[in-house]
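These notes are about the structure you will find just below.
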Amino acid sequence: MILPFPRKFPEDAAERSVADVAQARALLATLAPGLSSALARRRFALAAALQQAGDAAKLDRCEAAVQLAYARLAVRHGSWGEDFHAYHNEHHILEIFDSRIERLMRHIGVKALSLDDWLLLGLFAACHDLRQREPAIYSAGVGSNERASIEEGLRILDLAGFEPERDAFYYTALELTIAGSTFDARPPAQDWEYNSVDLVQGGGALASKLDIKLDKHVPGWRDRPALVHALELALIAADLDTANVAEPFARFVETGTRLCQEREMRCHRSTDDPASALPVFGFLTDGQERFFFDLHRFNSQVGRDAFSAAKQANAAPLKALTMSLRARIAIGGKPASGNAVIEALRLLTREIETRGLR
């Protein structure tokens, strides 16, 4: 480990239930055949780089790690288990692995990064949100969910056939990319268990401040090229993680809605409950605006090149959407529930797209 984390996130039931790559593949064969298509697309995109490197075993190890991480998250917080999280589930892995990384490849070209870099970003996509139920305790600015995900991610590398000495780059870079994906805002409410992302209070991706954390905790890191490069990848990874702001507008709105639904679940409120109406309304108006306009920044040049224009295109539609939602609530009075707010939001999103604001 690079940063001085206390190591205290042992295996949990989900990790024990999908103990190795073979078990993961057996589950994936019947429950998630779509992952194999995503892996095949990535293999095709990297074909030339793989041929030049002459090391197909490296890709095999990365694919095994992605498969194991995907199955673990699907069991722990996804559609295969009993603790479903509307946002942080196995589908979020594919949002980054299959969509946003592919988009980055198209914008900057596969040759802009090395084969190791592309494979590492895929591992980040699979491993960065493995844990979501850890107590909100920070160490060196890194959230406990992220620290637990780092520890499990490194165990996954071991199980997928990586070796710490031979593959030191992957261990180092996976740690720093997951650490950098932490948002440094703290939960504003006592009943909020969420400890990774807070769209309502200030903050931003730790990646933008990770050099300062390294200065404090890892003296001399700037003289270690592997750490300098890992930090560069952490900036790119953080941009991929938050590039929902650059998705097609309706998809961007839906990601915010899913995150809101997850937050309500973590606050022990059903979105059918009248008590959820105002929190959902605040999250989908003030919270979304603050995240989009105040908190979110692309940290890497390649992230800006690939996603900034699409984010900017979403700015006016988002303003129109939140203003319209506020107006509708002002006219109609307090909504009956959080679901009523969400239904109104989706209707207004369709209207905005029909009018051609997006």
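The values are calculated or read from the model by the stated rules, or taken from the named source; none is laboratory data. Just so it is clear, the model here is predicted, and its values are computed rather than measured. A quick note on method: Cβ atoms are made from the backbone with ideal geometry, for glycine too, and the neighbour counts reach across all protein chains shown. Surface accessibility is based on the protein's heavy atoms, side chains included, excluding ligands, DNA and RNA. Shrake-Rupley method; radii C 1.70, N 1.55, O 1.52, S 1.80 Å.
With every protein chain left in place, what is the accessible area of residue 311 in Å² (1.4 Å probe, nearest 10)? Result for residue 311: roughly 30 Å² accessible.
For region 75-182, GluC sites (Glu not before Pro) meeting the loop criterion (DSSP other than H, G, I, E, B) and having at most 13 other Cβ atoms within 10 Å: 82, 165. Ellipsoid semi-axes for region 13-242, based on the Cα gyration tensor and the rule √(5λ), read 25, 23, 16 Å when sorted largest first. Each peptide in 109-119, 65-75 gets a packing score, the mean of other Cβ atoms within 10 Å over its residues, and the list from highest to lowest is 65-75, 109-119.
Summing charges over all other residues whose Cβ lies under 14 Å from the Cβ of residue 68, with Lys and Arg as +1 and Asp and Glu as -1, gives -2.
Annotation for region 140-182: trypsin sites (Lys or Arg not before Pro) lying in DSSP loop with at most 11 further Cβ atoms inside 10 Å of their Cβ are 166. When all protein chains stay in place and ligands, DNA and RNA are ignored, the 1.4 Å accessible-area order of 139, 37, largest first, is 37, 139.
Accessible surface calculations at 1.4 Å, restricted to protein heavy atoms, place the chain at 41 Å² per residue. Taking the 1.4 Å solvent-accessible surface of the chain as the whole, the part contributed by carbon and sulfur is 55%. Solvent-accessible surface of protein heavy atoms, probed at 1.4 angstrom with all chains present, puts 323, 105 in the order 323, 105, largest first. At what distance in angstrom do the alpha carbon centres of region 16-53 and region 242-320 lie from each other? Taking the Cα centre of region 242-320 as reference, the centre of region 16-53 is 30 Å away.
So, counting K/R as plus one and D/E as minus one, what does the shell of residues with Cβ under 12 Å around residue 161 add up to? Spelling it out: positives minus negatives among the neighbours equals -3.
Give 8/213; 111/319; 111/311 a once-over and call out the pairs whose C-alpha atoms are over 30 Å from each other. Cα-Cα > 30 Å for 111/319; rest within. Counted over all Cα-Cα pairs of region 246-355, pairs farther apart than 25 Å make up 23 percent.
The accessible area of residue 137, taken with all protein chains in place and a 1.4 Å probe, comes to roughly 90 Å².
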